[in-house]
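Structure record follows, encoded as structure tokens.
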């Protein structure tokens, strides 16, 4: 599973080259390197399952965090490309798109780790389920994609966002 992610709250104009390169390096290049070096081992083993963690920000834009959202969009297409490329090797590549989930990156972005529900009230109002997700809810999705029960699933996009991207 590739789950690297750093966040920067700055739009296109405000993002410096240093921030851009750092976010691209960790989020996008890290995911690519994770796949690049595991594929030969999976091929030797007769197959496997790669799960890349993207974000709902690959599906919707916000006008902020340009570098972060760009990397998550890149992971979406990179995953689809890899799913096609490695299907012949019995290697499945799928992507999870978490929404507002209580994690360390969310807490950092919201700047109030102990009061995530209160701080995220604006986001919660646009989520049909009216709450922040739990990391275990994403883990269950990953468990399915990693298991043999998903043996005919590749190139899939599993959105775990409480309905955020529906409207």
task = Extending each Cα 7 Å along its Cβ direction at residue 88 and residue 149, get the distance between those two points in nm, one decimal.
result = 3.2
task = May I ask for the angle, rounded to the nearest 10°, between helix 30-45 and the longest principal axis of the chain, with both axes built from Cα atoms and the value confined to 0 to 90°?
result = 20
note = Helix 66-86 sits off the longest principal axis of the Cα atoms of the chain, rounded to the nearest 10 on a 0 to 90 degree scale, by 20
request  = Take residue 12, project a point 7 Å from its Cα along the Cβ direction, then tell me which residues of the stretch 56-96 have their backbone nitrogen under 12 Å from it.
outcome  = 63-64, 66-67
note = With R₀ set to 22 angstrom, the calculated FRET efficiency between the beta-carbons of residue 136 and residue 62, to the nearest 0.05, is 0.30
key: Residue of 34, 46, 73 that the Gaussian network model of the chain assigns the largest fluctuation, springs spanning Cα pairs under 10 Å   = 46
ask   = Relative to the longest principal axis of the chain, what angle (0 to 90°, nearest 10) does the C-alpha long axis of helix 135-146 take?
value = 20
note = The extension gain from residue 129 to residue 77, computed as 0.36 nm times the residue separation minus the Cα-Cα distance, is 15.9 nm
task = Let me know the shape class of the stretch 14-74, please: from the alpha-carbon gyration tensor, a ≥ b ≥ c as square roots of the eigenvalues, rounded when a/c is under 1.5, otherwise prolate if a/b is greater than b/c, or oblate.
result = oblate
request  = For the chain, just say rounded, prolate or oblate: build the C-alpha gyration tensor, square-root its eigenvalues into a ≥ b ≥ c, call rounded for a/c under 1.5, and beyond that prolate if a/b exceeds b/c, oblate if not.
outcome  = oblate
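Taken together, the values in this text are just the output of simple stated rules run on the coordinates, not laboratory data. As the structure is a prediction and not an experimental result, all values here were calculated from the model. FYI the Cβ positions are ideal-geometry reconstructions off the backbone, even for glycines, and counts take in every protein chain you see.
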